[in-house]
Amino acid sequence: MSTFAVLLLLCCAAMAQKYTVSGYVTDAVSGEKLISARVYDAKRNIGAITNNYGFYSITTEGGSLTLQCAYVGFKTFGLTMDLHADTTIHIALSAEGVQLETVEITGEKDIAENTQMSTIDVPIETIKKIPSLMGEVDVIKALQLLPGVRSGGEGTTGFYVRGGGPDQNLILLDGVPVYNVSHLFGFFSVFPADAISSVSLVKGGFPARYGGRLSSVIDISLKDGHMRKFHGEGSIGLIASKLTLEGPIWKDKTSFMVSARRTYIDVLAQPIVRKVSGTPGLQGYYFYDGIAKINHRLNDRNRLYMSFYGGNDKFYSNLRYEYSDGISNYVSNNKSRLGWGNTIAALRWNHLFSDKLFGNLSATYSTFNFGISEDQKVKQTASGQTSDSRFAYGYSSGIRDLGLKADLDWYASPRHLVRFGGYGTRHRFLTGVNRIISETTDFKIDTLIGIPPIHSWETGIYLEDDFMLSDRQKVNVGVHGSASWVEGRFYRSLQPRLSYRVMLNANWAAKASFSSMYQYIHLLTNSGVGLPTDLWVPSTARIKPQNCYQGAVGIARSFKDLGLELSVEGYYKYMTGLVEYQEGASFLSETTDWQDKVAQGNGWAYGGEFFLQKKIGKTSGWVGYTLSWTKRQFEELNDGKPFFFKYDRRHDLSLVVVHEFNKKVDCGLTWVYGSGQATTLPKATFQGFAYDPTQPMGYPRSVDYYGERNSYRLHAYHRLDLSVNLNKDRKKFSRTWSFSVYNAYSRRNAYFLYFDYKPSGQRVLKQVSLFPIIPSVAYRFKF
């Protein structure tokens with residue numbers, strides 16, 4: 001072989017040598033990690049998306065490299081360099097520039113290029129500008145405006161995704177499950193928007209890394225805390241105020257973020273309650289949230305995060321009564337309590353094993369408790385003698401989790417991103433315990449009625465690979481295996497997941513997905529409204545786990561010149577092992593074992609969704625439309641016949657528009673329309689007499705005949721909300737006056753229906769509506 005040929009081979013080998021570029025993408029001002037930023041080699045069209053901790057890794061050929069990075073809401077930039085070795089490049093993006101030697105380029109994350117479908121990211125800044133009820137910015141209410149998501153009722157935070165129940169939504173706050181998301185009897189959620197950095201909704205095509213629920217995943221990430229300067233923001237509204245503070249503990253090394261919110265309904269209403277009741281004592285209701293997070297960088301390869309959330313709703317009544325029957329004098333002190341709340345905590349360790357392998361280890365704690373109590377103490381005085389008596393009643397339920405999870409991201413090659421990991425969770429279920437205390441001068445009874453706490457173990461492993469089959473085709477294939485041990489019973493499942501994308505041309509993509517999901521816990525939901533009396537229970541030897549199979553197909557396109565994203569999807573979903581209360585049963589019914597109160601059955605849902613979203617520019621927002629059908633079938637309910645799910649709606653339409661006129665004024669508009677919700681009403685009433693041994697003729701009694709379950713429809717629901725924000729920015733302080741109108745044309749939407757009688761005796765159907773037009777104002781500030 002000639003010398004020239006040898007040199008040519010060596011040059012080709014050198015040119016073919018591949019190297020890895022990796023690092024973190026952050027906000028240049030705050031140091032906050034940017035999730036789902038797009039980093040790619042523009043010359044070779046090879047790229048990666050940053051993970052939940054802002055990390056990316058690209059393996060590409062040596063030589064000239066043009067590295068580009070794009071993130072919605074930030075300018076996009078690039079760096080041209082010669083690549084001759086594995087290199088670490090940390091990218092810091094901002095609206096003004098980058099804290100590296102970079103040049104500006106163009107580009108953005110493309111919905112058509114993503115493998116995953118049925119996933120929506122909603123920018124926090126857009127959520128803050130959407131009109132809100134009583135001035136309280138609400139993440140969950142914003143998600144209710146997305147296609148495929150149903151609200152639980154007028155103004156409430158309950159949500160139902162693609163025909164699923166409320167227990168089928170996995171809600172993660174910094175990776176920790178949250179079991180209750182409502183405040184104020186369901187009208188506000190527990191997530192203060194000022195403390196949140198990103199929100200993502202997954203409603204189908206689930207990657208293998210998610211498990212434990214059937215219908216959706218809401219992944220909410222808290223802010224890490226500003227690494228360089230002390231900052232704060234907050235608001236003062238009609239019913240609540242909040243404050244969020246963040247800053248460095250050790251500049252560019254350790255940061256903190258704390259956030260607190262409390263309503264003052266009890267303080268404002270106290271004089272009115274006293275005046276109306278005329279009874280000495282205190283009565284009131286309030287809720288509060290507290291969030292804290294610490295972010296510490298040990299070195300370039302290790303980072304620690306500590307997160308905490310605590311929130312509660314409290315209703316209290318302390319009343320004193322004095323009365324006399326002419327013989328004895330009585331003094332009665334009555335205390336009533338109603339409360340529910342969450343506490344969660346997480347300790348996470350990020351470790352960069354190599355420039356291609358990123359790992360995260362999390363230890364988590366989550367608990368939800370609900371309790372009711374009544375305590376009456378009576379002092380009786382007669383003929384100079386005094387006697388005391390007491391009667392107290394309490395009910396409590398809840399769930400507590402201790403968990404450990406390991407996740408690893410392996411950037412195996414430019415065409416393969418492999419994710420794998422495992423988890424273990426220990427559940428403790430308190431399925432309803434009643435405590436009764438009865439005391440007099442002569443005796444005392446103190447007893448507990450209910451079954452002991454139930455403990456279960458849930459474990460799982462997963463493996464998924466997101467890889468390119470060709471330049472036009474990409475697939476995410478994986479498997480999620482899980483198991484549960486409870487009361488001597490062992491359940492296990494193997495859940496395949498598959499998502500496929502093919503580029504039809506430069507702009508259009510066709511997508512398809514299939515997922516199998518398993519769920520080992522259930523939520524017993526009362527048909528009534530208001531209180532979170534829903535009961536979390538495990539799968540047992542008698543109650544089987546829930547299972548779901550979901551398939552979806554769709555198309556997607558990004559209109560880059562207009563800043564628009566379009567997706568159209570159709571889906572079919574079949575569910576087994578669903579749980580509902582039997583007719584007439586509830587969490588307070590006389591049977592102590594909840595398993596005797598429930599029925600298990602199947603359900604199915606199918607439909608189509610249209611979504612057009614604009615994330616950038618002076619005008620942002622979206623249009624979403626859903627056409628769907630949702631049914632249930634239980635042997636013990638509705639004579640075993642299929643019936644429409646309570647939250648089945650044929651049509652659901654939402655329009656969200658946020659427009660910035662200039663830096664000083666922006667406005668928001670939302671309009672929603674939904675077909676009437678299904679409900680059950682009596683079809684006939686029979687009059688007769690009930691037997692009574694003390695009355696020869698008995699006594700008159702009426703019996704309602706209901707017919708088929710959920711066979712009646714409420715009137716269609718629609719509502720218009722408006723808001724105007726007046727902003728004033730200064731160098732170190734900015735403020736916003738936010739004026740909003742909920743239900744601007746005062747539509748009387750039905751909350752529920754009931755039968756009543758006219759003076760003539762005629763029976764009529766009446767409607768209860770909650771909210772007419774409600775104006776509100778809030779003052780927000782940043783410093």
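The values are calculated or read from the model by the stated rules, or taken from the named source; none is laboratory data. Predicted, not measured: the structure shown is a model, and the values here were computed from it. Heads up, the Cβs are rebuilt from the backbone with ideal geometry, glycines too, and the neighbour counts pull from every protein chain shown. These accessible areas exclude ligands, DNA and RNA; they are computed on the full protein's heavy atoms, side chains included. Shrake-Rupley method; radii C 1.70, N 1.55, O 1.52, S 1.80 Å.
Can you list the strands (runs of 3 or more DSSP E) found entirely within the range 126-177 that contain at least 3 residues being modelled with pLDDT of 90 or more? Break it down stepwise before answering.
Numbers: elements: 149-151, 159-161, 169-173.
So the answer is 169-173.
If you go through the range 717-740 one residue at a time, do you hit one that is open to solvent by less than 40 Å² (accessible area, probe 1.4 Å) and not in a strand (DSSP E or B)?
No, there is no match, as no residue in the range 717-740 is open to solvent by less than 40 Å² (accessible area, probe 1.4 Å) and not in a strand (DSSP E or B).
Of all residues being more than 25 Å from the chain's Cα centre (by Cα) and assigned to a strand (DSSP E or B) in the range 601-640, which is farthest from K544 (Cα to Cα)? Just the residue, please.
Applying the first criterion (more than 25 Å from the chain's Cα centre (by Cα)) to the range 601-640 yields 601, 617-619, 633-640.
Among the residues that remain, those that are also assigned to a strand (DSSP E or B) are: 601, 619, 633-634.
Details: G601: 10, T619: 49, Q633: 16, F634: 14 Å.
Among those that are more than 25 Å from the chain's Cα centre (by Cα) and assigned to a strand (DSSP E or B), it is T619.
If only one of S332, S373, S336, S362 is open to solvent by 40 Å² or more (accessible area, probe 1.4 Å) and assigned to a strand (DSSP E or B), which one is it?
Just a single option satisfies the conditions, and that option is S373.
Restricting the search to the range 221-240, which residues are surrounded by fewer than 22 Cβ atoms within 10 Å (Cβ to Cβ), among the hydrophobic types (A, V, I, L, M, F, W, C) and part of a strand (DSSP E or B)?
Within the range 221-240, just I236 meets the criteria.
Give me the residue from the range 547-585 that is crowded, with 19+ Cβ neighbours inside 10 Å and free of Cβ contacts under 8 Å to residues at least 60 places away in the same chain and, out of that set, farthest from S118 (Cα to Cα).
Looking at the filtered set, the residue picked out is Y581.
With the checklist (1) more than 27 Å from the chain's Cα centre (by Cα); (2) open to solvent by 30 Å² or more (accessible area, probe 1.4 Å); (3) touching a residue at least 60 places away in the same chain (Cβ under 8 Å) in hand, flag the one item Y500 doesn't pass.
So Y500 meets the others, but not (1).
Taking the range 289-329 as the region of interest, how many residues are modelled with pLDDT of 95 or more, open to solvent by 60 Å² or more (accessible area, probe 1.4 Å) and over 29 Å from G432 (Cα atoms)?
2
Tell me which residues, restricted to the range 70-94, are of a type in the set (S, T, Y) and open to solvent by less than 70 Å² (accessible area, probe 1.4 Å).
Here is the first cut: in the range 70-94, the ones of a type in the set (S, T, Y) are 71, 76, 80, 87-88, 94.
Listed by number, the residues that qualify are Y71, T76, T87, S94.
Filter the range 503-527 down to residues that are more than 27 Å from the chain's Cα centre (by Cα) and not in a strand (DSSP E or B), then give me how many there are. Let's see the steps before the verdict.
As a first pass, look at the range 503-527 and keep what is more than 27 Å from the chain's Cα centre (by Cα): 503-510.
Those left that are additionally not in a strand (DSSP E or B): 504-507.
The qualifying residues number 4.
Yes/no per residue for (1) without any contact (Cβ under 8 Å) to a residue 60 or more places away in the chain; (2) open to solvent by 20 Å² or more (accessible area, probe 1.4 Å); (3) out of contact with any His (no Cβ under 7 Å at 6 or more places or on another chain):
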site: A605; (1), (2), (3): no, no, yes
site: G617; (1), (2), (3): yes, yes, yes
site: G624; (1), (2), (3): no, no, yes
site: E636; (1), (2), (3): yes, yes, yes
site: K641; (1), (2), (3): no, yes, yes
site: R650; (1), (2), (3): yes, yes, yes
site: V656; (1), (2), (3): no, no, yes
site: Y673; (1), (2), (3): yes, yes, no
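Do we have any residue at all in the range 311-327 that's assigned to a strand (DSSP E or B), of a type in the set (A, V, I, L, M, F, W, C) and under 25 Å from K223 (Cα atoms)? Please lay out each step first, then the result.
Step one: list which residues in the range 311-327 are assigned to a strand (DSSP E or B), which gives 311-324.
Right, trim to of a type in the set (A, V, I, L, M, F, W, C) and you get 315, 319.
Subsequent filtering for residues that are under 25 Å from K223 (Cα atoms) retains none.
No: the range 311-327 contains no residue that is assigned to a strand (DSSP E or B), of a type in the set (A, V, I, L, M, F, W, C) and under 25 Å from K223 (Cα atoms).
Give me the residue from the range 528-564 that is closer than 17 Å to K511 by Cα and at pLDDT 90 or above and, out of that set, nearest to the chain's Cα centre (by Cα).
The initial filter retains those residues of the range 528-564 that are closer than 17 Å to K511 by Cα, namely 550-558.
Next, from what is left, pick out any that are at pLDDT 90 or above: 550-557.
Details: Q550: 20, G551: 23, A552: 22, V553: 25, G554: 24, I555: 26, A556: 25, R557: 27 Å.
Top of the filtered list is Q550.
Every residue in the range 376-396 that is open to solvent by 50 Å² or more (accessible area, probe 1.4 Å) and either under 30 Å from D407 (Cα atoms) or not hydroxyl-bearing (S, T, Y) (or both), please.
Listed by number, the residues that qualify are Q376, K377, K379, Q380, G384, Q385, D388, R390, F391.
Sort through T440, T447 and tell me the only one that's more than 27 Å from V202 (Cα to Cα), open to solvent by 20 Å² or more (accessible area, probe 1.4 Å) and free of Cβ contacts under 8 Å to residues at least 40 places away in the same chain.
On the way: T440 fails: free of Cβ contacts under 8 Å to residues at least 40 places away in the same chain.
Just a single option satisfies the conditions, and that option is T447.
Among the residues of the range 28-69 satisfying the criterion of being β-branched (V, I, T) and more than 20 Å from D409 (Cα to Cα), which is surrounded by the most Cβ atoms within 10 Å (Cβ to Cβ)? Steps first, please.
Keep residues of the range 28-69 that are β-branched (V, I, T), which gives 29, 35, 39, 46, 49-50, 58-60, 66.
Filter once more, so that each one left must be more than 20 Å from D409 (Cα to Cα): 29, 66.
Values: V29: 17, T66: 15.
Per the stated criteria, the residue is V29.
Restrict the check to the range 569-583 and report whether at least one residue is basic (K, R), assigned to a strand (DSSP E or B), under 23 Å from the mean Cα position of the chain (by Cα) and farther than 30 Å from L726 by Cα. Full working, then the answer.
We begin by selecting, within the range 569-583, every residue basic (K, R); these are 573.
Subset that is assigned to a strand (DSSP E or B): 573.
The next check asks that each one be under 23 Å from the mean Cα position of the chain (by Cα); those that pass are 573.
This time we only want the ones that are farther than 30 Å from L726 by Cα, so: 573.
Yes: one or more hits.
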